[in-house]
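Enquirer: Here it is: the structure, laid out below.
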Amino acid sequence: MNANSPAPVAASELAAQVARLVQSTPAYDLHTHLYDPAFGELLLWGIDDLLVYHYLIAESLRQTSLPFADFWRLPKTGQADLVWDALFVRHSPLSEACRGVLTTLHALGLDVRRRDLPALRQWFAQRNLDRHITECMELAGVRRICMTNSPFDPLERPVWERGFQRDERFAAALRIDPLLLAWPETAAQLREWGYAVGNGELDDRAFSAVRRFLADWSRKIDPQFLMVSLPPDFTFPGRSPAAQLLQGAVLPHCRDTGLPFALMPGVRRQVNPLLRMAGDGLGLTDLRALENLCASHPENKFLATVLARENQHELTVLARKFRNLHIFGCWWFLNIPSLIDEITRMRVELLGLSFTPQHSDARILDQLVYKWRHSREIITRVLVDKYSDLARTGWDTTPDEMARDVRNLLGGSFEQFLRQ
């Protein structure tokens, strides 16, 4: 052995080192549905919001014969009571969404064994929001939260327009789903706001007006990237309004500003409309659209996460072929331990460290705690196995090298991609 080579590390010590690093390294959560506290009630938090999370609504309504319409007529506390009774009292809370609630409550120091929902409500009612934000971020090990911000949201837009003191812990992402997926209605809205898109024809005049709109909102909210959720059958290039607007306005804006464009395909909206937000499903995406975007626009940067498990291998291979593509997270229905483990291992084996394994997709502030705690356990296991594989080849990874690797996986690779 060379005198300068690191000394071999015992298997137990290696596992302990990796666990310490993964648990102590702050993460950049690059996709959430949380809000800067200046947005008031748009920032959801507390036990009732945890319980009426749409995952739990869909799960609980499988356990009751209550008509869906009657459920939606209940106040939030009534809905939370029903979910608690169905999933935590009458059945063991084994699903990932249920376990997550318990992980969060336990981490906050609450006694979940009592099964006392009124006591939990009382505890949250006494919390100071700013201190609660800080505590949740500390328990989750999150240093920065990237929001999802839509200028088309009638509740959100006025907050941006009147201005506010930004909380530096919260970064923005400019979401443009209505622009791409509901063009006729959005064109009318843009005209009302003073953007000369004409009569809705997708021509140079409309593209110019859309670029001005994107430039105005990029200055206003200072986004990390632009983003859209797409149906599985999205194609590019194409004659759809979405494809034409991407080509004529969105991609030129992103190229000129250096902002990545994030695509999140695979969503099938309202598979069961009776469930409202909980009624969305997924479908297998044709990833040739993403391939064509990366190939035909090498000067643009793309972020991507895909909803169907069956798309994950192809997506990872695409990231090997295009350095202007950064893949991230196990999104939505993939955010369960068995699939996070499978997908993270595959990505490490194909990409090394040039991806971001997880984001929380949190809609409720408190969810940061469990989503990151559960994901860190999996990331730790994957890294321990991979470093052990290296050790068997004679390559011993130093603690400094491990710390560098963990920083990259928990946001460093994403931030480097933003700077490219």
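Enquirer: Taking the range 124-160 as the search range and keeping residues that are within 19 Å of the chain's Cα centre (by Cα) and among the basic types (K, R), which one is farthest from V210 (Cα to Cα)?
Expert: R143
Enquirer: For residues that are closer than 20 Å to E161 by Cβ and not in a loop (DSSP other than H, G, I, E, B), tally how many sit in the range 186-198.
Expert: So the answer is 6.
Each row is one residue, and each column tells you yes or no for (1) outside any helix (DSSP H, G or I); (2) not basic (K, R).
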residue	(1), (2)
L94	yes, yes
C98	no, yes
L102	no, yes
L105	no, yes
G109	yes, yes
R121	no, no
H132	no, yes
R144	yes, no
F152	yes, yes
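Enquirer: Looking at E415, is it acidic (D, E), part of a helix (DSSP H, G or I) and either in contact (Cβ under 8 Å) with a residue 60 or more places away in the chain or in contact with a strand residue (DSSP E or B) (Cβ under 9 Å, 6 or more places away or on another chain) (or both)?
Expert: On the way: acidic (D, E): yes; part of a helix (DSSP H, G or I): yes; either in contact (Cβ under 8 Å) with a residue 60 or more places away in the chain or in contact with a strand residue (DSSP E or B) (Cβ under 9 Å, 6 or more places away or on another chain) (or both): yes.
Yes: the conditions hold for E415.
So that you can scan it fast, the table gives a plain yes or no per residue for (1) surrounded by fewer than 17 Cβ atoms within 10 Å (Cβ to Cβ); (2) closer than 18 Å to V18 by Cα; (3) aromatic (F, W, Y):
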position: F333; (1), (2), (3): yes, no, yes
position: L339; (1), (2), (3): yes, no, no
position: E342; (1), (2), (3): yes, no, no
position: M346; (1), (2), (3): yes, no, no
position: S354; (1), (2), (3): no, no, no
position: D361; (1), (2), (3): no, no, no
position: I364; (1), (2), (3): no, no, no
position: Q367; (1), (2), (3): no, no, no
position: W372; (1), (2), (3): no, yes, yes
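Enquirer: Pairs please, first residue from the range 116-145 and within 14 Å of P37 (Cα to Cα), second anywhere and surrounded by 13 or more Cβ atoms within 10 Å (Cβ to Cβ) and among the hydrophobic types (A, V, I, L, M, F, W, C), Cβ atoms under 6 Å, 6+ apart in sequence or on different chains.
Expert: C136/L365; C136/L368; C136/V369; R144/A171; I145/L34; I145/F170
Each row is one residue, and each column tells you yes or no for (1) touching a helix residue (DSSP H, G or I) at 6+ places or on another chain (Cβ under 8 Å); (2) farther than 19 Å from S229 by Cβ.
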| position | (1), (2) |
| --- | --- |
| L259 | yes, no |
| M264 | no, no |
| H313 | yes, yes |
| L318 | yes, no |
| I340 | yes, yes |
| H359 | no, no |
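Rundown of residues vs (1) under 25 Å from the mean Cα position of the chain (by Cα); (2) touching a residue at least 60 places away in the same chain (Cβ under 8 Å), yes/no style:
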residue: A188; (1), (2): no, no
residue: D216; (1), (2): yes, no
residue: M227; (1), (2): yes, yes
residue: P237; (1), (2): no, no
residue: S240; (1), (2): no, no
residue: R255; (1), (2): yes, no
residue: P260; (1), (2): yes, yes
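Enquirer: Starting from the range 346-370, keep only residues that are under 11 Å from T316 (Cα atoms), then list their pairs with residues that are at pLDDT 95 or above and in a loop (DSSP other than H, G, I, E, B) whose Cβ atoms are within a distance under 9 Å, requiring at least 6 positions of separation or different chains.
Expert: R347/F355; R347/P357; V348/F355; V348/P357; S354/R323
Enquirer: Would you check if P223 is within 17 Å of the chain's Cα centre (by Cα) and either closer than 22 Å to S150 by Cβ or at pLDDT below 95 (or both)? Let's see the steps before the verdict.
Expert: Values: within 17 Å of the chain's Cα centre (by Cα): yes; either closer than 22 Å to S150 by Cβ or at pLDDT below 95 (or both): yes.
So P223 fits the description; yes.
Enquirer: A further question follows. Taking the conditions exactly as written (surrounded by fewer than 19 Cβ atoms within 10 Å (Cβ to Cβ), among the hydroxyl-bearing types (S, T, Y) and outside any helix (DSSP H, G or I)), does T393 satisfy them or not? Can you show your working first?
Expert: Numbers: surrounded by fewer than 19 Cβ atoms within 10 Å (Cβ to Cβ): yes; among the hydroxyl-bearing types (S, T, Y): yes; outside any helix (DSSP H, G or I): yes.
In short, yes.
Enquirer: Small (G, A, S) and part of a loop (DSSP other than H, G, I, E, B): does that describe S65? Full working, then the answer.
Expert: Details: small (G, A, S): yes; part of a loop (DSSP other than H, G, I, E, B): yes.
Judged against the criteria, S65 is a match.
Enquirer: Here's another thing I want to ask about it. Take the residues in the range 224-246 that are of a type in the set (S, T, Y) and in a loop (DSSP other than H, G, I, E, B), then tell me which one is nearest to F261 (Cα to Cα). Quick ask: steps written out before the conclusion?
Expert: Step one: list which residues in the range 224-246 are of a type in the set (S, T, Y), which gives 229, 235, 240.
Then drop every residue that is not in a loop (DSSP other than H, G, I, E, B), which leaves 235, 240.
On the way: T235: 16, S240: 18 Å.
Ranking the candidates gives T235 first.
Enquirer: Next up: Yes or no: A19 more than 30 Å from F225 (Cβ to Cβ) and surrounded by fewer than 14 Cβ atoms within 10 Å (Cβ to Cβ)? Lay out the reasoning, then the answer.
Expert: On the way: more than 30 Å from F225 (Cβ to Cβ): yes; surrounded by fewer than 14 Cβ atoms within 10 Å (Cβ to Cβ): no.
The answer is no for A19.
Enquirer: Moving to a separate point now. Taking the condition part of a strand (DSSP E or B), in contact (Cβ under 8 Å) with a residue 60 or more places away in the chain and either surrounded by fewer than 19 Cβ atoms within 10 Å (Cβ to Cβ) or among the hydrophobic types (A, V, I, L, M, F, W, C) (or both), does R166 pass? Please lay out each step first, then the result.
Expert: Details: part of a strand (DSSP E or B): no; in contact (Cβ under 8 Å) with a residue 60 or more places away in the chain: yes; either surrounded by fewer than 19 Cβ atoms within 10 Å (Cβ to Cβ) or among the hydrophobic types (A, V, I, L, M, F, W, C) (or both): yes.
Here the answer is no, as R166 does not meet what is asked.
The values are calculated or read from the model by the stated rules, or taken from the named source; none is laboratory data. Given the structure is predicted, the values throughout are model-derived calculations rather than measurements. Here the Cβ is made from the backbone with ideal geometry for all residues, glycine too, and neighbour counts use every protein chain on show.
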